[in-house]
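Take a look at the structure set out below.
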Protein chains: 2
Amino acid sequence: MEGSVDQLAPERNKAEFDVDAMKIVWAGSSHVLEVSERIAHLVASDPAFRKDNRPMLGRKELFKNTLRKAAYAWKRITELRLNEEEASLLRVFVDEAAFTDLHWGMFVPAIKGQGTEEQQQKWLPLAHKMQIIGCYAQTELGHGSNVQGLETTATFDPKTDEFVIHSPTLTSSKWWPGGLGKVSTHAIVYARLIIDGQDYGVNGFIAQLRSLDDHLPLPGITIGDIGMKFGNGAYNTMDNGVLRFNNVRIPRDQMLMRVSQVTREGKFVQSSVPRQLVYGTMVFVRQTIVAGASVALSRAVCIATRYSAVRRQFGSRNGGPETQVIDYKTQQARLFPLLASAYAFRFVGEWLNWLYTDVMQRLQAGDFSTLPEAHACTAGLKSLTTSVTADGIEECRKLCGGHGYLCSSGLPELFAAYVPTCTYEGDNVVLQLQVARHLIKTISQLGSAKKPVGTTAYFGRLEQLMQYHSDVQKAEDWLKPNVVLGAFEARAARKSVAVAQNLSKFSNPEEGFQELSADLVEAAVAHCQLIIVSKFIEKLQTDIPGKGVKQQLESLCSIYALFLLHKHLGDFLSTGCITPEQGYLADEQLRSLYSQVRPNAIALVDAFNHTDHYLGSVLGCYDGNVYPKLYAEAWKDPLNDLVVPDGYQEYIRPLLKQQLRNARL
Amino acid sequence: MEGSVDQLAPERNKAEFDVDAMKIVWAGSSHVLEVSERIAHLVASDPAFRKDNRPMLGRKELFKNTLRKAAYAWKRITELRLNEEEASLLRVFVDEAAFTDLHWGMFVPAIKGQGTEEQQQKWLPLAHKMQIIGCYAQTELGHGSNVQGLETTATFDPKTDEFVIHSPTLTSSKWWPGGLGKVSTHAIVYARLIIDGQDYGVNGFIAQLRSLDDHLPLPGITIGDIGMKFGNGAYNTMDNGVLRFNNVRIPRDQMLMRVSQVTREGKFVQSSVPRQLVYGTMVFVRQTIVAGASVALSRAVCIATRYSAVRRQFGSRNGGPETQVIDYKTQQARLFPLLASAYAFRFVGEWLNWLYTDVMQRLQAGDFSTLPEAHACTAGLKSLTTSVTADGIEECRKLCGGHGYLCSSGLPELFAAYVPTCTYEGDNVVLQLQVARHLIKTISQLGSAKKPVGTTAYFGRLEQLMQYHSDVQKAEDWLKPNVVLGAFEARAARKSVAVAQNLSKFSNPEEGFQELSADLVEAAVAHCQLIIVSKFIEKLQTDIPGKGVKQQLESLCSIYALFLLHKHLGDFLSTGCITPEQGYLADEQLRSLYSQVRPNAIALVDAFNHTDHYLGSVLGCYDGNVYPKLYAEAWKDPLNDLVVPDGYQEYIRPLLKQQLRNARL
């Protein structure tokens, strides 16, 4: 890889496993590894994709630069005739949020999923060639999570065979859609369908927003950018927008009519296509987000791990070098669980990918039986993995001490660009409440003909789980998968049952659900943690080639589980799944696992196979030459263009010379 | 206050206590309330102190604007003849990190604390008039927490009676000092004192960095800014700097000689002034940081609370308004503990202020007996309150949903500007390890003549605490101060004793300390939480006038304690202080407390008395007119200067028109 002398070579030599084999495990297959590596290096080696200057650019410059990169990326994609997989990886490695994310990730899929055959034939070729650029206009200034509360209206006018799209209030302004503010020519607009004064609920419509000739907003349309967001660079490359309609007319055939239709006569008709298909799309999108969580966390962990091996502080003996901070147990106890989480999220993401395929096959066969469970499960995993990742990136930043606060560490931007994931595609708390609702329902149906399926199957063994007492007697017992699974299943089941029992004390169930919602969220989290632990264990039961690879993953799996056990010890103890002594034994085992992982830490983050370009961090550079790079980076700041800063004559000199009285300030 | 129709009036009318009386409690006295209010409004009403445009400014513009504000603030301070208290409050309310913070907060105090009488007479008048501007150059590129590891040297040259300051390596470059990069003319430089080849450890020196004529760096000195830091605006108004010395000579009398001296002959002499004075300064600085934590957290909580009362989502019945999100239990369970923490930190900060006075009086009387305990206690409280505040600000941002991600919410900048507090003046983990060391020492001395004092006095009742079992039988029992104190004391004592026992199993104590450091940190945190709970309870035992004020504070104190009990339930259960049933009863009481606080929430954040200017948040504005302000704020973004964005001709149009092939990108 990049760099001169490899400062981290001694660390790499310590590794007790085959890093190349681990790279394949992380990538998912040698094919994906090969393609990813090829595309990542294509991007990394092209100066047009430089991104280290992003935090220093003002908003306009930053945005214009994103427009350039997006156009250039598309040019390269067509020149090199990249296939869909390669093109999408290229956009990933360019690593700059842009209107194209929404065009490819939301606009095109929405037409595919909700458009009729004719609509797809009309719109998809235009979108595929980017002759039109689309975004996804759902949320409004006053309405986010509650889609059913949207205020924008689409009123059918039978005289002209058109819909009239209108923003009746300030709070009905479309607000947040990415790509909307300055770029998109079209949008999928969600609006209340009104026919003859009757409200048929929220439906999707394709609306043209800007002229394809001069890019000016069409009559009746007001569009703008909603302003700066958290962080330097980060998501400010995106033109999240505001949009208001003043009685804008669109043809009737621009309502997305795969599921519901409006006829020429103004009759509202449900098609034979099942509404549940929408949930299939949600499963897909959220599965992508889980996969993205593992990548984002892996970047932060890679930076913090490498820097922790370079950084030395305290512990010098007789003038020798100080101790590497990665050797401090406090550092390990914060860093290694995040390393383990990155791997855990990777594997649960892989499994969700399988689940999506399974769900879609069943849907096409008319089998909706697993859908509620699959939907709850992806919602919960989206919530859990993104919350942990957001906090984990910030924890990694803190693990880098003072220097983590510099933009050149890459961590501030990674954090700022990542955190919206906790809110979009379902607010993380709202999602866990959906999971909880599903769990309570599952419990209420126990004993009926409806058996719990998939990730809730353990409720089928509820009686046994309510009796469960861990039989751990020594620390190493905690390394056994069944011991861990038993404790996590019993804890999750008992948390759900306890809150279900409390709920039953309320005469009004909805009131009870409100009152106990914080407990419900905790039960849902316990359930989701069990899923991740069990999928990690399942992964370990497959064939994993490569010297020492499986052993490393076993250690990481144990760290992931035992760290959670420590963190949620109150759950495990109060539900009586384990004793305090067993808790102490778990902590003891955890300390020993940290020592086992320590020599492999650098190799375990090397296995993520991130290029220096993609990491974008002087602290995390592959060769560990941190200090010269930090030093060099500093001088690039615009403030260093001048030795004596702009403003000296007006503001500093008069201050020093006691001449402020007459100064104009 | 500001604004037109008060959207939050219905909320304010619900309050069950005297808000004006609470304002005095929060401020500390009616005098402080009066001065703060006067100065806050002085700043808020002066357009020269406008700060809403900060996130949009590029680095140079931003920095120049800070220079202007600093000069203008000084002009106003002198014109209005503000006293020291007023001047310092004015800088607080201007709310923009600047070189003046270091000049007044570190440079001047360092000369006062470490300079001899003559040095003070020479340098302080210059500094007080700002005829020189100083900073505090301690940390280096390779050295942060470990001050003893600094590499910069100050070698005494007996021939010329000078010190030669030198940066021998890249990692010895001074790195991070605020105000250094572009403004300071002088610095307190920490360097290893070398006399005749012998190293006398790290000492402070006054070095001139820039010419007072033209501001150019003096010969042999290289200075620059270290580059962009986390966030928009935020700490980028500060010129954190890098500084290298190439054999720069300063006169011998510029070593700060209050504690150690170098004579004309090159003899190193310790003065009679006790070294412990240095700890007095640390107690002072960290006490200020704790007070600052309560303010920063109160700002975030104020924004999130007001917005939660304005924002409505879900729960509409028959087309009526949706539910205020503050009425959701999940929102309350995240928000109200932070509200309680802000008050808790306020009172512990007040107490620390008393502690500092007490320590200084004792020091002057030659009594060093309470110093180690006071030092440990302030270190631990600095660590705990700043960590909770940093996380709390981000939690408040998430509690504001999507809109919290906009800079106009004020929360991104508040967070980004706050987080370095977790690292500077002692990394938070390193500090808790110092606390732990003190606790272990305290335990080891039990039974000796050395009695535990101050916040460790409870170890004097160790036998009793090891026997403790909570006698809670019903939820309301948890409202009794003694019940809460008993459980927190027993938990803290047992955590410390458990780790002390584990330590004793190691033949090498230092090795044991390393191995068990994560447990030691947990014991230290438990101890610090006990301090905060007990100081809150002590506060409630004083006379607190005003209708309903004490009752509200009692609720907040209970919420603070019971929330911690819930969060650390594993501790309380595994140490056997409480039973699982008693844990459930605490949760039940907590839910009931949330309901009691709910109608008072807006009034409780009004009591912080923040102006809209100081809050800097459209979501947190006093009158609750959130949506029109959000909408108006969006249009101020530079991207909205043009309807068709810059870059359309070069990058968007060729894309849409399929003309990229020949485009120059």
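Would you call A:VAL25 free of Cβ contacts under 8 Å to residues at least 40 places away in the same chain, more than 8 Å from chain B (Cβ to nearest Cβ) and either under 24 Å from the mean Cα position of the chain (by Cα) or part of a helix (DSSP H, G or I) (or both)?
no
Tell me, which residue of the stretch A:402-415 that is among the small types (Gly, Ala, Ser) and surrounded by 23 or more Cβ atoms within 10 Å (Cβ to Cβ) is farthest from the other protein chains (Cβ to nearest Cβ)?
A:GLY410
Would you mention how many residues in the stretch A:216-243 are more than 9 Å from chain B (Cβ to nearest Cβ), assigned to a loop (DSSP other than H, G, I, E, B), at negative phi and surrounded by fewer than 22 Cβ atoms within 10 Å (Cβ to Cβ)?
Looking only at that region, the number is 2.
Restricting attention to the stretch A:160-197, which residues are among the aromatic types (Phe, Trp, Tyr) and not in a loop (DSSP other than H, G, I, E, B)?
Of everything in the stretch A:160-197, those that are among the aromatic types (Phe, Trp, Tyr) and not in a loop (DSSP other than H, G, I, E, B) turn out to be A:PHE163, A:TRP175, A:TYR190.
Within the stretch A:259-283, take every residue that is surrounded by 19 or more Cβ atoms within 10 Å (Cβ to Cβ) and hydrophobic (A, V, I, L, M, F, W, C) and give me the one that is modelled with the lowest pLDDT.
A:VAL283
Within the stretch A:536-586, which residues are farther than 15 Å from A:SER470 by Cα, in a helix (DSSP H, G or I) and of a type in the set (A, V, I, L, M, F, W, C)?
A:PHE536, A:ILE537, A:LEU540, A:VAL549, A:LEU553, A:LEU556, A:CYS557, A:ILE559, A:PHE563, A:LEU564 - these are the residues of the stretch A:536-586 that are farther than 15 Å from A:SER470 by Cα, in a helix (DSSP H, G or I) and of a type in the set (A, V, I, L, M, F, W, C).
Could you list, in sequence order, the residues of the stretch B:572-595 that are of a type in the set (D, E, K, R) and within 8 Å of another protein chain (Cβ to nearest Cβ)?
Once the filter is applied, which keeps residues that are of a type in the set (D, E, K, R) and within 8 Å of another protein chain (Cβ to nearest Cβ), the stretch B:572-595 yields B:ASP587, B:ARG591.
Which number in (1) small (Gly, Ala, Ser); (2) surrounded by fewer than 24 Cβ atoms within 10 Å (Cβ to Cβ); (3) within 14 Å of chain B (Cβ to nearest Cβ); (4) farther than 20 Å from A:LEU530 by Cβ marks the one condition that A:ALA365 misses?
(3)
Looking at the stretch B:163-177, can you tell me whether even one residue there is in contact with a Pro (Cβ under 7 Å, 6 or more places away or on another chain), modelled with pLDDT of 95 or more and charged (D, E, K, R)?
Scanning the stretch B:163-177, I find no residue that is in contact with a Pro (Cβ under 7 Å, 6 or more places away or on another chain), modelled with pLDDT of 95 or more and charged (D, E, K, R), so the answer is no.
Going by the conditions given, is B:LEU209 surrounded by fewer than 16 Cβ atoms within 10 Å (Cβ to Cβ), within 13 Å of another protein chain (Cβ to nearest Cβ) and touching a strand residue (DSSP E or B) at 6+ places or on another chain (Cβ under 7 Å)?
Considered against the rule, which asks whether it is surrounded by fewer than 16 Cβ atoms within 10 Å (Cβ to Cβ), within 13 Å of another protein chain (Cβ to nearest Cβ) and touching a strand residue (DSSP E or B) at 6+ places or on another chain (Cβ under 7 Å), B:LEU209 comes out as no.
Looking at B:LYS505, B:LYS547, B:LYS535, can you tell me which residue is under 23 Å from the mean Cα position of the chain (by Cα) and of a type in the set (D, E, K, R)?
When all the criteria are applied, what remains is B:LYS535.
Give the stretch B:3-19 a look and list any residue that's at pLDDT 95 or above and either in a loop (DSSP other than H, G, I, E, B) or of a type in the set (Phe, Trp, Tyr) (or both), or say none.
B:ASP6, B:GLN7, B:LEU8, B:LYS14, B:ALA15, B:GLU16, B:PHE17, B:ASP18
Tell me, yes or no, whether the stretch B:333-345 has at least one residue that is among the aromatic types (Phe, Trp, Tyr), in contact (Cβ under 8 Å) with a residue 40 or more places away in the chain and not assigned by TED's automatic domain parsing to the domain that holds B:ASN428.
So far as the stretch B:333-345 goes, no, none of its residues is among the aromatic types (Phe, Trp, Tyr), in contact (Cβ under 8 Å) with a residue 40 or more places away in the chain and not assigned by TED's automatic domain parsing to the domain that holds B:ASN428.
Can you tell me which residue is farthest from B:THR305 (Cα to Cα) among those in the stretch B:605-635 that are at the interface with chain A (Cβ under 7 Å from one of its Cβ atoms) and either of a type in the set (D, E, K, R) or assigned to a loop (DSSP other than H, G, I, E, B) (or both)?
Checked the stretch B:605-635; the qualifying residue farthest from B:THR305 (Cα to Cα) is B:TRP635.
So if I check each of B:VAL453, B:VAL429, B:VAL484, B:VAL472, which one is under 30 Å from A:LEU399 (Cβ atoms) and either of a type in the set (Asp, Glu) or in contact (Cβ under 8 Å) with a residue 60 or more places away in the chain (or both)?
None of the others qualify; the one that does is B:VAL429.
I'd like to know if the stretch A:402-411 contains one or more residues that are in contact with a helix residue (DSSP H, G or I) (Cβ under 8 Å, 6 or more places away or on another chain) and without any contact (Cβ under 8 Å) to a residue 24 or more places away in the chain.
yes
Table: residues versus (1) on the phi < 0 side of the Ramachandran plot; (2) part of a loop (DSSP other than H, G, I, E, B); (3) in contact with a His (Cβ under 6 Å, 6 or more places away or on another chain).
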position	(1), (2), (3)
B:ASP214	yes, yes, no
B:GLN261	yes, no, no
B:ARG264	yes, yes, no
B:VAL273	yes, yes, no
B:TYR279	yes, no, yes
B:SER308	yes, no, no
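Among A:GLU633, A:GLU650, which is surrounded by fewer than 19 Cβ atoms within 10 Å (Cβ to Cβ) and within 25 Å of A:GLY402 (Cβ to Cβ)?
Criteria check complete, one pass: A:GLU633.
Quick one: B:LYS567 ticks every box in (1) over 19 Å from B:TRP351 (Cβ atoms); (2) surrounded by fewer than 21 Cβ atoms within 10 Å (Cβ to Cβ); (3) over 23 Å from the mean Cα position of the chain (by Cα) except a single one, so which number is it?
(3)
Can we say B:PHE459 is in contact (Cβ under 8 Å) with a residue 12 or more places away in the chain and not assigned by TED's automatic domain parsing to the domain that holds B:LEU381?
yes
Test A:ASN247 against the criterion of being farther than 30 Å from A:PHE368 by Cα and at pLDDT below 95, and give yes or no.
Against the criterion (farther than 30 Å from A:PHE368 by Cα and at pLDDT below 95), A:ASN247 does not qualify.
Got a number for residues in the stretch A:166-191 being over 19 Å from A:GLU425 (Cα atoms) and more than 12 Å from chain B (Cβ to nearest Cβ)?
Looking only at that region, the number is 2.
Only one of these is under 30 Å from B:ALA500 (Cβ atoms), aliphatic (A, V, I, L, M) and free of Cβ contacts under 8 Å to residues at least 12 places away in the same chain: B:ALA561, B:ALA518, B:ALA524. Name it.
None of the other options fit; the residue is B:ALA518.
Check every one of the helices (runs of 4 or more DSSP H) wholly within the stretch B:47-159 and list those with 1 or more residues that are within 12 Å of chain A (Cβ to nearest Cβ) and either among the β-branched types (Val, Ile, Thr) or free of Cβ contacts under 8 Å to residues at least 60 places away in the same chain (or both).
B:59-79, B:99-102, B:117-128
The values are calculated or read from the model by the stated rules, or taken from the named source; none is laboratory data. All values derive from a computational prediction rather than experimental measurement. Heads up, the Cβs are rebuilt from the backbone with ideal geometry, glycines too, and the neighbour counts pull from every protein chain shown.
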